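Below is one structure; the comments refer to it alone.
Each value in this text was obtained by applying a stated rule to the coordinates, not by laboratory testing. All of these numbers come straight from a predicted model, not from anything done at the bench. Here the Cβ positions follow ideal geometry from the backbone for every residue, glycine too, while neighbour counts run over all protein chains shown.
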Amino acid sequence: MKVLYKFLLLCLSMELFFVLNLLLGTVKIPLEAIVGILLGDESQSDIWYNIVWSSRVPQALTATVAGAGLAVSGLQMQTVFRNPLAGPSVLGISNGASLGVAFVVLLSGSIGGKALSRLGYLGDAAMSVAAIVGALAVMALILYVAQKVEGDVTLLIIGVMIGYLATAIIGVLKFFSPEEDVKAYVVWGLGSFARVSGDQMTLFVLLMTGLLPLSMLLSKTMNLLLLGDHYASNLGLNLKRARLLVISCSGVLVAIVTAYCGPIMFIGLAVPHLCRALFQKSDHRILMPATMLTGASLALVCNLVARMPGFEGALPVNSVTALVGAPIIASVLFSRKKNIN
């Protein structure tokens, strides 16, 4: 029964933070006006209508599904490698996305004569496509290597080396690129839930809402992986196939989120630890939905902080996720250790 109450609390907190994302911002809009706008009341102010539907709703939806996806991806990586420091970026997939964007953004000015950052929506679409291509290319390489090598540690080291290689290539591209292109790339790398809108937001939300329930099907497989290789094999689990499935699911989630929102990785590292401390469980049938809800809530909180009144524009989401999440996770882990002692 306690588990049910905790899930109810997580659901209520996610709904609360979602509403606050619609309600709070630099422009003050009354709650009744927001409700009217969402219900299609045409008597409301056009300015308020555009703010709600063009900015706040897309940001809130993007933060919700992106946070859930990153949290699930982090849980999957930590389970496969049985490493508490593993996260969505551990295999270099996010670095592959960054490399794809770097090739498009940093080379566009010198080859085409016009910076991609000046092309508006066309430039944003090109960056999204480049990020997906780069991430999926690295993921395909990782999956190929996973079939050739034995042991999780070797695969983990190869993934880290791929990440370092991608970072090195990006550094070289930055050195030879115009200042304007470098700035555009750095801004993309800071992460944002605000750059997804319109048809892009619809496609992103549909993709994530389709993938997240499918990831739940791997809960039993992940429970078996926790038991150790020998015990899982004795129970009939095909270890190589199971690892490939979990890594593929995690990689696709990271690729899509990074393509649309930038490399926002802290949520994927921190949320699984928070859920384990909250539920005191290792059963992934509980942890998977818990990480989805917690990741969505934390992402909504970070988006709320990033565009708090008083800041000109919006703070980088990457910075906000660490500033908000790190103290929370540290306090939870310390209190958990104190209770054990």
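Using 23 Å as the Cα-Cα cut-off, could you pick out the over-long pairs in K220/K281; K220/K240; K6/K240; K6/K281? Mind showing how you got there, number by number?
On the way: K220/K281 14 Å; K220/K240 15 Å; K6/K240 35 Å; K6/K281 12 Å.
Flagged as over cut-off: K6/K240.
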Name the longest site-free stretch of the chain, where the excluded sites are GluC sites (Glu not before Pro) in a DSSP loop with no more than 15 other beta-carbon atoms within 10 Å.
151-311
Compare the Cα positions of V301, S54, V149 along the charge dipole of the chain (+1 at Cβ of Lys, Arg; -1 at Cβ of Asp, Glu; about the Cα centre) and return the one farthest towards the positive end.
V149
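Please sort by residue number the chymotrypsin sites (Phe, Trp or Tyr not before Pro) in the stretch 223-311 whose DSSP state is loop and whose Cβ has at most 15 other Cβ atoms within 10 Å.
Numbers: sites: Y231, Y260, F266, F279, F311; in loops: F311.
Taking the stretch 223-311 and a limit of 15 other Cβ atoms within 10 Å, the loop chymotrypsin sites (Phe, Trp or Tyr not before Pro) found are F311.
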Only four residue types carry charge here, +1 at the Cβ of Lys and Arg and -1 at the Cβ of Asp and Glu. Report the dipole size of the stretch 2-340 about the Cα centre in Debye, rounded to the nearest 20.
1160
Got a sec to turn the phi values of the stretch 272-281 into Karplus ³J(HN,Hα) couplings, 6.51 cos²θ - 1.76 cosθ + 1.60 with θ = phi - 60°, whole Hz, x for Gly and Pro?
x, 5, 4, 6, 4, 5, 6, 9, 6, 9
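Starting from the Cα gyration tensor of the chain, take the square roots of the eigenvalues, sort them a ≥ b ≥ c, and report rounded, prolate or oblate (rounded when a/c is under 1.5, otherwise prolate if a/b is larger than b/c, else oblate). If you can, show how the numbers build up before the last one.
On the way: a/c = 1.93, a/b = 1.14, b/c = 1.69.
Verdict is oblate for the chain.
Counting other Cβ atoms within 10 Å, which trypsin sites (Lys or Arg not before Pro) in the stretch 1-72 have at most 13 and lie in a DSSP loop?
Working: sites: K2, K6, K28, R56; in loops: K28.
Hits after loop and neighbour filter: K28.
Subtract the Cα-Cα distance of V19 and I157 from 0.36 nm times their separation in residues, and report this length gain in nm to one decimal. Kindly include the intermediate steps, with their values, before the conclusion.
Numbers: separation 138, 0.36 × 138 = 49.68 nm, distance 4.22 nm.
Separation in residues times 0.36 nm, less the Cα-Cα distance, equals 45.5 nm.
Using 1/(1 + (r/R0)^6) with R0 = 25 angstrom and r between the beta carbons of S43 and M308, what's the FRET efficiency to the nearest 0.05?
The value I calculate is 0.25.
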Compare the peptides 74-82, 94-102, 207-215, 282-290 by average per-residue count of other Cβ atoms within 10 angstrom and give them in order, highest first.
94-102, 74-82, 282-290, 207-215
Local electrostatic count at Q59 - Lys and Arg +1, Asp and Glu -1, tallied over other residues with Cβ under 10 Å
+3
Selection from L12, P272, L239, by position along the positive dipole direction of the chain (Cβ):
L239
Which whole-number percentage describes the relative contact order of the chain, with Cα contacts under 8 Å and a sequence gap of 6 or more?
31
